[in-house]
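Engineer: Sharing a structure, written as structure tokens. Questions coming.
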């Protein structure tokens, strides 16, 4: 396994991975995120197949749902773009017997995922790189990316899909789970009033939580992926599941207030409570959506 950027291709300044933006969010403290995440350390919308599911069960259901759309075969190599703390790669090895390559811009995530995957009893290759997709020049059979797409600006969409298309074989498949928004001009026809409090929350997210990112709309995914050569085989929306996920996270963080402040600060705690509760409200009112796109070459 590797924590390096070796073998990377040269990229222009505007295509450099946004290490600082990502690390500003994810590298504040592994302990902090662990206070509200499930034990698998999955940081994306869960999938509550049954009402009585725990968050951990629902996260595994989401991961299984996503991996099940890739037609994975034993011995294939799966690339996880924005691999987080490694739960998707771990599950892919356990359930589908594949090799995995993970990319993350977070030092904390890279170290955590390397340690976790390294402890697995498997002969399959496990590589986790502190590297952006912009620098990746390997070859893989399948690609998965769960809620990482929102971390880069729209100016990178074209290059992202072209890269994904290039590094896979002719039968390549990709699963992209992403948060989506709607252009403001759509809001009135959707029955969503444009109010200052919502606009302020959007600015808060862009400045305080995910600097440098952008929330796409569904047309962005369809159009940019199609231009790169993909076709959309399926779009499955999971928005109601994100409402429950976010509220579960917020409840857990609130219950661990003292520990959260001890490892970060009261300011960080309040910022993340505002973020989690506000996002739950946005998904519940339809301002934001989340969906899994199955893309095929």
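Engineer: Quote the convex hull volume per residue of region 90-149, based on C-alpha atoms, as a whole number of Å³.
Structural biologist: 90
Engineer: Tell me the mean residue ellipticity at 222 nm calculated for the chain from its helices only (DSSP H runs of n ≥ 4, each -39500 (n - 2.57), averaged over every residue, nearest 500). Intermediate results must be reported in sequence, preceding the final value.
Structural biologist: On the way: 11 runs with 122 residues, N = 297.
Result for the chain, helices only: -12500 deg cm²/dmol.
Engineer: Now, a different point. Calculated FRET efficiency, residue 271 and residue 190, Cβ-Cβ r, R0 25 Å, to nearest 0.05?
Structural biologist: Values: r = 29 Å, r/R0 = 1.14.
Using R0 = 25 Å, I get an efficiency of 0.30.
Engineer: When each pair of different Cα atoms in region 61-188 is counted once in the 1/r mean, what is the Kirkwood radius in angstroms, to one decimal?
Structural biologist: 15.1
Engineer: Per 10 Å bin from zero, what fraction in whole % of the C-alpha pairs of region 119-183 is there, up to the bin with the longest pair?
Structural biologist: Result, from short to long distances: 16, 47, 28, 8, 1 percent.
Engineer: Out of 102, 278, 118, any idea which swings most in a Gaussian network model of the chain, alpha carbons joined below 10 Å?
Structural biologist: Residue with maximal mean-square fluctuation among 102, 278, 118: 118.
Engineer: Can you tell me the relative contact order of the chain? Whole percent, Cα pairs under 8 Å, sequence separation 6 or more.
Structural biologist: It comes to 23 percent, rounded to a whole number.
Engineer: Mind telling me which of 143, 179, 28 comes out most flexible in a GNM of the chain, alpha-carbon contacts under 10 Å?
Structural biologist: Highest fluctuation among the options: 28.
Engineer: In whole angstrom, how far apart do the alpha carbon centroids of region 140-176 and region 42-85 sit?
Structural biologist: If you average the Cα positions of each part, the centres end up 17 Å apart.
Engineer: Over region 159-297, what lengths in whole Å, largest first, do the semi-axes of the equivalent ellipsoid take, defined as the square roots of 5 times the eigenvalues of the alpha-carbon gyration tensor?
Structural biologist: On the way: eigenvalues 198, 76, 39 Å².
Ellipsoid half-lengths, sorted descending, are 31, 19, 14 Å.
Engineer: Here is a follow-up. What are the extents of the Cα atoms of the chain along their three principal axes, listed from largest to smallest and rounded to whole Å?
Structural biologist: 48, 43, 43
Engineer: Would you order 100, 261, 296 from fewest to most other beta-carbon atoms within 10 Å of each residue's own beta-carbon?
Structural biologist: Values: 100 29, 261 15, 296 18.
The fewest-first ordering by Cβ neighbours comes to 261, 296, 100.
Engineer: State the antiparallel share, in %, of DSSP beta bridges confined to the chain, rounding to the nearest 5. It would help to have the intermediate numbers written out before the result.
Structural biologist: On the way: 14 of 32 bridges.
Among the beta bridges of the chain, antiparallel pairing accounts for roughly 45 percent.
Engineer: Continuing with the same structure: Under 10 Å, Cα contacts only: if you run a Gaussian network model on the chain, which one of 144, 192, 287 comes out with the highest mean-square fluctuation?
Structural biologist: 192
Engineer: Also: Is region 201-247 rounded, prolate or oblate when judged by the Cα gyration tensor, a ≥ b ≥ c being the square roots of its eigenvalues, rounded requiring a/c under 1.5 and prolate requiring a/b larger than b/c?
Structural biologist: Oblate.
Every read-out reported here was derived from the displayed coordinates using simple, explicitly stated rules and does not represent laboratory data. A quick note: this is a predicted structure, and the numbers were derived from the prediction, not measured. Because the Cβ atoms are built from the backbone with ideal geometry, glycine has one as well, and the counts that use them run over all protein chains shown.
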